[in-house]
Amino acid sequence: MCGIIGSLGKIEIDKFSKGLNSLLHRGPDFNDKYVDIKNKMALGHSRLSIIDTSKNGNQPMHYQDQLVITFNGEIYNFKDLKKMLEEKGILFKSNSDTEVLLAMYSIYKKDMVQYLNGIFAFAIWDKKNKTLFIARDFIGVKPLYYYYNHAEFHFASEIKALLHLTSHKNKANIDSIIKHLSFLWSSSNETAFKNIYKLNPGEAIQIDSKN
């Protein structure tokens, strides 16, 4: 497993670094972040190397000087997708499924998820169009949580990482806690904390930071 984290709208480097460091147990092989202060965007990644163990698979990964991704998971059909993209003239620098995700997004945008067979949680920042796209696999194997208000949006693989980033005091969501204690499960996207939500299986969100 890997750990991913990101912020849009409010970047505090010290807090972001603490959030990223809290995910080190998920990916001990490589740890890095991408920060764009001007556009108020930051992405972080703690890597567990599986498919492409070279540094070419490190994240956050950049693509054509426009896209940046942080990705946790495995795309089972990435070799088939890579072949399909190569037939369209796309050239690759690595053997990673991460680069295939970036290439897929460059062509199909948010519709790319329809082509994916695997377990995943990822975020792609489009520097040119100032959009953030996050998605979770259809079964919900890979976790992804997020916090938002009118001024900021944060996401991470674990809630404890989000607690480092939010500017508001974290309050317990009593109704959600009761549901989990009663049924050991909740059909909603609420968590034990107010204003912190889980991205549901198969769900995707796109945020246009220009609006």
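Using only the alpha carbon atoms of region 53-158, find the Kirkwood hydrodynamic radius as the inverse mean reciprocal pair distance, in angstroms to one decimal.
Result for region 53-158, one decimal place: 14.3 Å.
Suppose all protein chains stay in the model; what accessible area per residue would a 1.4 Å probe give for region 168-211, in Å²?
Ligands and nucleic acids excluded, the figure is 71 Å² per residue.
Could you tell me what percent of the accessible area of region 44-102 is made up of carbon and sulfur, with a 1.4 Å probe and every protein chain present?
After summing per-atom areas, the C and S share lands at 45 percent.
Excluding residues on the same chain fewer than 8 positions from Lys82, give the lysines whose Cα lies under 27 Å from its Cα.
Reachable lysines: Lys33, Lys55, Lys93, Lys109, Lys110, Lys127, Lys128, Lys130, Lys142.
Classify region 128-211 as rounded, prolate or oblate from the Cα gyration tensor: take a ≥ b ≥ c as the square roots of its eigenvalues, call it rounded if a/c is under 1.5, otherwise prolate when a/b beats b/c and oblate if not.
Since a/c reaches 1.5 but b/c is at least a/b, the shape of region 128-211 is classed as oblate.
Calculate the dipole size of region 76-138 relative to its Cα centre from +1 charges on Lys and Arg beta carbons and -1 charges on Asp and Glu beta carbons; express the result in debye to the nearest 20. Mind showing how you got there, number by number?
Working: 11 positive and 8 negative charges, 55 e Å.
With Lys and Arg at +1 and Asp and Glu at -1, about 260 debye.
Please compute the contact order of the chain in relative form: average sequence separation of alpha-carbon pairs under 8 Å and at least six residues apart, divided by the residue count, as a percent. Don't jump to the answer; show the numbers that get you there.
Values: 429 pairs, mean separation 44.9, N = 211.
Relative contact order, the chain: 21 percent.
So what's the back-of-envelope 222 nm ellipticity for the chain, counting only DSSP H runs of four-plus at -39500 (n - 2.57) apiece and dividing by all residues, rounded to 500?
Calculated mean residue ellipticity at 222 nm is -6000 deg cm²/dmol.
At a temperature of 25 °C and a viscosity of 0.890 mPa s, determine how fast region 1-125 diffuses translationally according to Stokes-Einstein, using the Kirkwood radius over alpha-carbon pairs as Rh; express D in µm²/s, rounded to the nearest whole number.
Details: Rh = 14.8 Å.
This corresponds to a translational diffusion coefficient of 166 µm²/s.
For the chain, build the charge dipole from Cβ charges (+1 Lys, Arg; -1 Asp, Glu) around the Cα centre, then report which of Phe120, Leu102, Ser187 sits farthest towards its positive end.
Ser187
Cα gyration tensor of region 1-69, axes a ≥ b ≥ c as square roots of the eigenvalues: rounded (a/c below 1.5), prolate (a/b > b/c) or oblate?
Taking the square roots of the gyration eigenvalues as a ≥ b ≥ c, region 1-69 is oblate.
Largest first and to the nearest Å, give the Cα extent of the chain along each principal axis.
The Cα atoms of the chain stretch 53, 39, 35 Å along the principal axes, largest first.
Calculate how steeply helix 174-183 sits against the longest principal axis of the alpha-carbon atoms of the chain, using the helix alpha-carbon long axis, and give the answer as 0 to 90 degrees to the nearest 10.
Approximately 80 degrees, to the nearest 10.
Provide the per residue accessible area, probe 1.4 Å, for region 3-63, rounded to a whole number of square angstrom. Walk me through the numbers before you get to the answer.
Numbers: 2840 Å² over 61 residues.
Counting only protein heavy atoms, the per-residue value for region 3-63 is 47 Å².
Report, by chain and number, residues whose modeled amide H sits under 5 Å from the one on Phe193, excluding near sequence neighbours (fewer than 5 apart, same chain).
Those lying under 5 Å, H to H, from Phe193 are Asn173.
Suppose every Lys and Arg Cβ carries +1 and every Asp and Glu Cβ carries -1, with no other charges. What dipole size does the chain come out with about its Cα centre, to the nearest 20 debye?
My answer is approximately 500 debye.
Quick one: angle between helix 97-108 and the longest Cα principal axis of the chain, in degrees between 0 and 90, rounded to 10, please.
Roughly 90 degrees between the two axes.
Distance from the Cα centre of region 140-211 to that of region 80-117, in angstrom?
29 Å
The values are calculated or read from the model by the stated rules, or taken from the named source; none is laboratory data. This one's a predicted model, so the numbers in the text were calculated from it and none came from an experiment. So basically every Cβ, Gly included, is an ideal-geometry build from the backbone, and we count neighbours across all protein chains shown. The accessibility values were calculated without ligands, DNA or RNA, using every heavy atom of the protein model including side chains. Shrake-Rupley method; radii C 1.70, N 1.55, O 1.52, S 1.80 Å.
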